[in-house]
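See structure below.
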């Protein structure tokens, strides 16, 4: 059996990963689970009997210790890293935000393979993470549907470019004038996917696609100029690889995150359970250019991808704060790219990434600055 740890077990990725476990009960042993403060983890502990758990809420720690005395409980962010340091066959990182970077690095140093759904790990720390994984002989297996599609479509050399598809998010048909007053409650109404709030807002601003460009650069060793974003409303073609001879290989499936999660969890085997199938009869598949004028976050992300160094760190840190402020109705839609630019203007002067601590130092400074700007 493949021993696994799931970070973010009560979130969207984590709960769907456990659905995969349910479909393959003889393939996986759940060794550890981690969340912040969601009491759903109590039901998960009861069902999957992990040896280790990491949570951030003191009251939840007490409940776990009382109800499950045989479970070893780790506390807070340090506890998540202690869990990531347990030797397993696969660690599934479904955390949201920069908090996913440190446990990823810890797990790589331990020699654990990673099924990675945490975008910020590669956006902020890809220049450290990928060389470290290579040094330790650790596999980074993509969980995002787009990167999983690219991974599955890379069947030969002589790649010309990657065609990265985007649903366009909840605001894909909104005019620029209308977007001025777009509310977070509207942004959360994604037409195709059921995701967490942060990812759904990033989808609405197209920042999510910008983050994925940076991820793809690190995962597949391509330049930003060799990645083209296509708005694909149906979310059936999850991404494509174009080769030098003009041929294009695409991965297509019903938009269901459980499939790419299953592919990463079972690798190198391929599963035989279909959570959903897609009927192509009578359907149209369309592709459009991404509008960087209406959605300037995509242009900002492409600029940061080219600059590399700490530019993506600054962008990511500012974006995390601004998405939270937007969800709390404290700023407007276009305030997100405006304040990201302000942060880049203040902190970025071409600096390269030297070590992990530099990333956290920059992250902290940017967060404080943006919080001060927005009051």
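The values are calculated or read from the model by the stated rules, or taken from the named source; none is laboratory data. For clarity, every value in this text was computed on a predicted model and none was experimentally measured. Because the Cβ atoms are built from the backbone with ideal geometry, glycine has one as well, and the counts that use them run over all protein chains shown.
Scanning the stretch 310-353 for residues that are crowded, with 17+ Cβ neighbours inside 10 Å and in a loop (DSSP other than H, G, I, E, B) turns up 310, 331, 333, 334, 348, 353. The set of residues in the stretch 191-228 being without any contact (Cβ under 8 Å) to a residue 24 or more places away in the chain and either surrounded by 21 or more Cβ atoms within 10 Å (Cβ to Cβ) or outside the structural domain of residue 243 (by TED's automatic domain parsing) (or both) is empty. With respect to (1) over 22 Å from residue 189 (Cβ atoms); (2) in contact with a strand residue (DSSP E or B) (Cβ under 9 Å, 6 or more places away or on another chain), the lone exception for residue 358 is condition (2).
Being closer than 27 Å to residue 356 by Cβ, touching a strand residue (DSSP E or B) at 6+ places or on another chain (Cβ under 7 Å), part of a loop (DSSP other than H, G, I, E, B) and in contact (Cβ under 8 Å) with a residue 60 or more places away in the chain: is that true of residue 83 here? Here the answer is no, as residue 83 does not meet what is asked. Considering every residue within the stretch 146-154, establish whether at least one is touching a residue at least 40 places away in the same chain (Cβ under 8 Å), within 13 Å of residue 220 (Cβ to Cβ), in contact with a strand residue (DSSP E or B) (Cβ under 7 Å, 6 or more places away or on another chain) and surrounded by fewer than 17 Cβ atoms within 10 Å (Cβ to Cβ). Checking the stretch 146-154: at least one residue is touching a residue at least 40 places away in the same chain (Cβ under 8 Å), within 13 Å of residue 220 (Cβ to Cβ), in contact with a strand residue (DSSP E or B) (Cβ under 7 Å, 6 or more places away or on another chain) and surrounded by fewer than 17 Cβ atoms within 10 Å (Cβ to Cβ). Among all residues of the stretch 62-74, there is none that is crowded, with 17+ Cβ neighbours inside 10 Å and within 26 Å of residue 195 (Cβ to Cβ). Would you check if there is a residue in the stretch 355-368 being under 30 Å from residue 177 (Cα atoms) and touching a residue at least 60 places away in the same chain (Cβ under 8 Å)? The answer is no; no qualifying residue exists.
Taking helices (runs of 4 or more DSSP H) as the structural unit, those lying wholly within the stretch 143-227 and holding at least 2 residues that are at pLDDT below 95 correspond to 197-205.
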